[in-house]
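A short write-up of the structure that comes next.
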Amino acid sequence: MRKNDPASATLALIFDIQRFSLHDGPGIRTTVFFKGCPLACSWCQNPESHKLSSELIFYKDSCIGCFQCREACPDDAILDHPLVRIDYPKCSVCGKCVSVCNTDSLRLVGREWNADELLDEVLKDRDYFEESGGGITLSGGEPLLQSDFLKTFLPLVKEIGLHINLETCGMAAWNRMEEILPWLDLIFYDIKHMDSEIHKKHTGCGNEMILDNFVRLAKRFGNLQARMPVIPGINDTQGNVRSLAAFLKENNHDSIHLLAYHNMGEAKLERINTRQKPMNLKSMKAEHLLKVKELFEKEKIHVVIYD
Ligand code: SF4
Ligand code: SF4
């Protein structure tokens, strides 16, 4: 089916595909994680998603120091250091060291998929989608960075009748969002902070484009759901909650999904080439999240919690 269609020449760079997801929209879903993100949130749980290119990661705990990798490397990019194995400026991400490492201590993150391959992968769970009312969720990173691929892929998914949810940080030119709207059934839209300066401090970008896109979507897309990752001491204040609640109401929305902060992403930082630093925050306790829920409820915003 559709093999050799010229349209399928458009490729997506994907860093993970999770089957049987239960929190990324209704029913049982397959969540596809697109690589590349315009934001760099200091609390990001998927720091390996940030770059729009494949990258090499190193697991120091399983490395046995055999240096088969150094023998295989054509670019002299393997270091003899207990914590740092890769000389990133020299590495061309050829993957030769990955194939010779018997302990799986070197891995490539990010693989190219064409639309047909990805559809075949997603359709493995079609029976579960049909029984549960599930479907596919586009996540990341930021899927809209790869909107050319989505314009090829989503019509194929829709032709089969699968439910499609987009999880977005909203930081994308409006036309990238607008051109894929016809194929979407649901959008989970993250709003991280209402103060643009604080937003910029913690994500690298102001929030103007994100809020503008939400306003436009609220006018023309019926199934838009706001979400906020709750980060202790950063966006869980009464002032931010009030401001976000007012913004939602101005745009005829009265609900939000709250996502609890977890520090699981911090263990990944030492494995990858990133400037992200650990925040050294504890994962959020249920009672803390309930307090933030109460703040929203005082503002007449209905809350769903994901912890
Ligand atoms: S080949 Fe794998 S186990 Fe051996 S030194 Fe390189 S990273 Fe470590
Ligand atoms: S990916 Fe290629 S260039 Fe980079 S360290 Fe491994 S073998 Fe060397």
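Each reported figure results from applying straightforward, stated rules to the coordinates on display, with no laboratory input. Here the structure is a predicted model, which means the values were calculated and not measured. So basically every Cβ, Gly included, is an ideal-geometry build from the backbone, and we count neighbours across all protein chains shown.
P(r) tail for region 84-222: Cα pairs beyond 20 Å make up 60% of the total. Residues 264, 284, arranged from fewest to most other Cβ atoms within 10 angstrom of their Cβ, appear as 264, 284. Applied to region 55-70, the Karplus parametrisation 6.51 cos²θ - 1.76 cosθ + 1.60 on θ = phi - 60° returns per-residue 3J(HN,Hα) values of 8, 9, 10, 10, 9, 5, 5, 9, 5, 9, x, 7, 6, 4, 4, 5 Hz, with x for Gly and Pro.
The ranking of 66, 37 from fewest to most other beta carbons within 10 Å of each one's beta carbon is 66, 37. Computed from the C-alpha gyration tensor, the three semi-axes of the ellipsoid equivalent to region 59-109 are 15, 12, 10 Å, from longest to shortest. Compared with the dominant principal axis of the Cα atoms in the chain, helix 147-160 is inclined by about 70°.
Using only alpha-carbon positions in region 14-122, the gyration tensor eigenvalues give semi-axes of 30, 16, 14 Å once each is multiplied by 5 and square-rooted (largest first).
With the convex hull constructed from alpha-carbon coordinates only, the chain shows a mean projected area of 17.2 nm² over all directions.
How large is log10 of I(q)/I(0) for region 181-261 at q = 0.17, 0.19, 0.26 Å⁻¹ when the intensity is taken from the Debye formula with one equal scatterer per alpha-carbon? Here the Debye-derived log intensity ratios amount to -0.67, -0.83, -1.42. Here the spin labels are modelled as points 7 Å beyond Cα on the Cα-Cβ line, and at residue 221 and residue 64 they lie 4.9 nm apart. Taken along the Cα-to-beta-carbon direction at a fixed 7 Å, the label points for residue 263 and residue 201 span 2.0 nm.
Between 38, 182, 47, the GNM of the chain built on Cα springs shorter than 10 angstrom shows 182 fluctuating the most.
Working note: 222 nm ellipticity from helices only, DSSP H runs with n ≥ 4, each -39,500 (n - 2.57), summed and divided by the residues of the chain, gives -8500 deg cm²/dmol to the nearest 500.
Between residue 83 and residue 120, the FRET efficiency estimated from the beta carbon spacing at R0 = 35 angstrom works out to 0.30. For 247, 15, the sequence from fewest to most other C-beta atoms within 10 Å is 247, 15. Can you give me the distance in nm between label points at residue 128 and residue 286, each placed 7 Å from the Cα along the Cα-to-Cβ direction? Those two pseudo-labels are separated by 2.5 nm. Taking only the alpha carbons of region 203-307, we obtain Rg and Dmax values of 15.3, 43 Å in that order.
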